[in-house]
There are 2 protein chains.
Amino acid sequence: MIEYKKELQRLIEDFKTNYLPSVSVDLVIFGFHDGQLKVLLLRWKGTEEWCLPGGRIRNDENLDDSAYRSLRERTGLREIFLQQFYTFGDVLRYKHIDQHETLRKLGLPEEAVHEFANRDVSVGYYALVEFENVVPTPDFFTDECRWWDINQVPTLLFDHNDMISLALKTLRRQLSYQPIGYSLLPDKFTMPDLQQLYETILGQSLDRRNFQKRMLGYGILERLEERKFGGAHKAPYLYRFDKEKYEKVLAEESLFVG
Amino acid sequence: MIEYKKELQRLIEDFKTNYLPSVSVDLVIFGFHDGQLKVLLLRWKGTEEWCLPGGRIRNDENLDDSAYRSLRERTGLREIFLQQFYTFGDVLRYKHIDQHETLRKLGLPEEAVHEFANRDVSVGYYALVEFENVVPTPDFFTDECRWWDINQVPTLLFDHNDMISLALKTLRRQLSYQPIGYSLLPDKFTMPDLQQLYETILGQSLDRRNFQKRMLGYGILERLEERKFGGAHKAPYLYRFDKEKYEKVLAEESLFVG
DNA sequence: TTATAATGCGTATTTTCAACACAATAATAC
DNA sequence: GTATTATTGTGTTGAAAATACGCATTATAA
């Protein structure tokens, strides 16, 4: 326990010295499994309170890189789809909880509690990751990191429920005018797999035949000779993303500055 | 001059006490005049360097409110279209200029120069305002505030050229799936006026007849009995936005959280 | 008074999107 | 083995939306 407090002290000192004050990054990490859309959440030490993963920005670090770093630390993944969607800065962002109470449970000293209780402006990013490859890893302030079904997310700390809502809304909109799926599915997948992903994200069923036409229309899928046997009935073809074309289509509609 | 330095000292002290460190807000304020799209820029005191208007966030102030406040201070306008579009946080945001040199020209003390030279994470907002109603007003650090033609914007300080590009891109996209024009045009306007606005923003010409059909299709325009005489040839009708319906259509597609 | 050029309103044409039909096929039941 | 069943692969058709275009009307200018 003394070790913990020492470590905490070091951490706070480190934050003050090497990280930007009053700004942070929060991540909505979407995964896909069992036909369900999932988000990765963290449970704060010694509490039953859950929240989104996030992090702070080093003085010498780009904002985007900071988001990538946090994502890597929580999931073990690199090179995945990550996109900024909104920046949150309401004074009452922290209204949902008795902030001080929760922070004290973590064993923070008074000074640190005060430090933490100030409103940060937080830049929201959302990520799409392949469920199977993720190794959920808690950080210093949390002792559990796991997937939650998107429909069963509890009331979270801060304004994190709002963040998830807006991230999902942005994701759905993005889905309707550009392809998504590269980092959410295994390397080889069937058309029904892809369709189920879309239906899960959009929350509605789609016509199988029209869906296939549209996906092939993007010109980003490569049909393999292989087929997926073992399921009941006719065996569907396996597909793979043509990464080069995929990136190209994505870039055309991207919001980012070149 | 002593008065100036004292005031500056006060300002810096005020920033340290009452404003969030390492975060700021920048505004891309679009206006429309003479068939040209304009942006409002500021010239730094004693230099020929131009930049976007912006501001800082008070400790007790919502992020959005801070943007509205800056906008009000620069234009004298309130209740206009303002929307967040991206947050910029590259370490090299300030690469475009010899930062220290420029800041020293402003008469900042060494300490303040160091303060200013650190990278801020900046939240970008864009606004649409009615050109005629704006009273361009410089702030403490600038001695000129005026409109620039969007095609003649010079190389700006920081990453402000990128900001304008991205704001324009976002505006164009927004234009294609929801009506815009309420705060950019005078109360009464003709269909050709509106079309010219669209063509200017999009940078391409549109079919006159199809444009009219689409605009009327939104159901947000009210045609008046009046017509606009004086121009050459046939006199076009005057229109006015039905604000209630306008807001309704706008709200349906908004990105913001309720 | 006539010519000009822009407006108001309307009609084809094309393209896109949504709904639906049917043969092929891998597992399952018998 | 053989027939059955549910699912996949590949179409076609029709509606709706977007786009292209035609023509009479009209305020100014010649």
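The calculated FRET efficiency for B:ASP242 paired with A:PHE229, based on their beta-carbon distance and R0 = 51 Å, is about 0.25. Sparsely packed loop sites in segment A:1-89 (the trypsin sites (Lys or Arg not before Pro) outside DSSP H, G, I, E and B with at most 11 other Cβ atoms within 10 Å) comprise A:ARG78. Structure note, pairs A:LYS248/B:LYS169; A:LYS188/B:LYS169; A:LYS213/B:LYS245; A:LYS213/A:LYS245; A:LYS213/A:LYS234; B:LYS16/B:LYS169: Cα-Cα distances above 26 angstrom occur for A:LYS188/B:LYS169; A:LYS213/B:LYS245; B:LYS16/B:LYS169.
Grouping the Cα pair distances of chain B into 10 Å bins from zero gives a pair-distance distribution of 6, 28, 33, 19, 10, 4, 0 percent in increasing distance order. With springs connecting C-alpha atoms under 10 Å apart, model chain A as a Gaussian network and identify which of A:ALA127, A:ALA232, A:ALA67 has the largest mean-square fluctuation. Result: A:ALA232 has the largest fluctuation of those listed.
Here's the picture: charge each Lys and Arg Cβ at +1 and each Asp and Glu Cβ at -1 in the protein assembly as shown, and of A:LEU156, A:LEU128, B:TYR218 the one pushed furthest to the positive end of that dipole is B:TYR218.
Working from label points 7 Å from Cα in the Cα-to-Cβ sense, the B:TYR218 to B:GLU79 distance is 1.9 nm. Using the rule -39500 (n - 2.57) for each DSSP H run of four or more residues, divided by the residues of chain A, the 222 nm mean residue ellipticity is -11500 deg cm²/dmol.
Restricting the calculation to Cα atoms, segment A:111-258 shows an Rg/Rh of 1.04 when the hydrodynamic-style radius is the Kirkwood one. Ignoring solvent entirely, what values of log10 I(q)/I(0) come out of the Debye formula for the protein assembly as shown at 0.07, 0.09, 0.10, 0.11 Å⁻¹ when each Cα is a single scatterer? Once normalised to I(0) and log-transformed, intensities are -0.47, -0.77, -0.93, -1.09. Calculated on C-alpha atoms, the gyration radius of segment B:181-252 divided by its Kirkwood radius gives an Rg/Rh of 0.96.
Averaging over all projection directions, the Cα-based convex hull of segment B:24-74 occupies 4.5 nm² in the image plane.
Every number here is computed from the coordinates shown, using simple stated rules; none is lab data. Because the structure is predicted, anything quoted here is derived from the model rather than measured. When we count neighbours, we look across all protein chains shown, and the Cβ atoms used for this are built from the backbone with ideal geometry, even at glycine.
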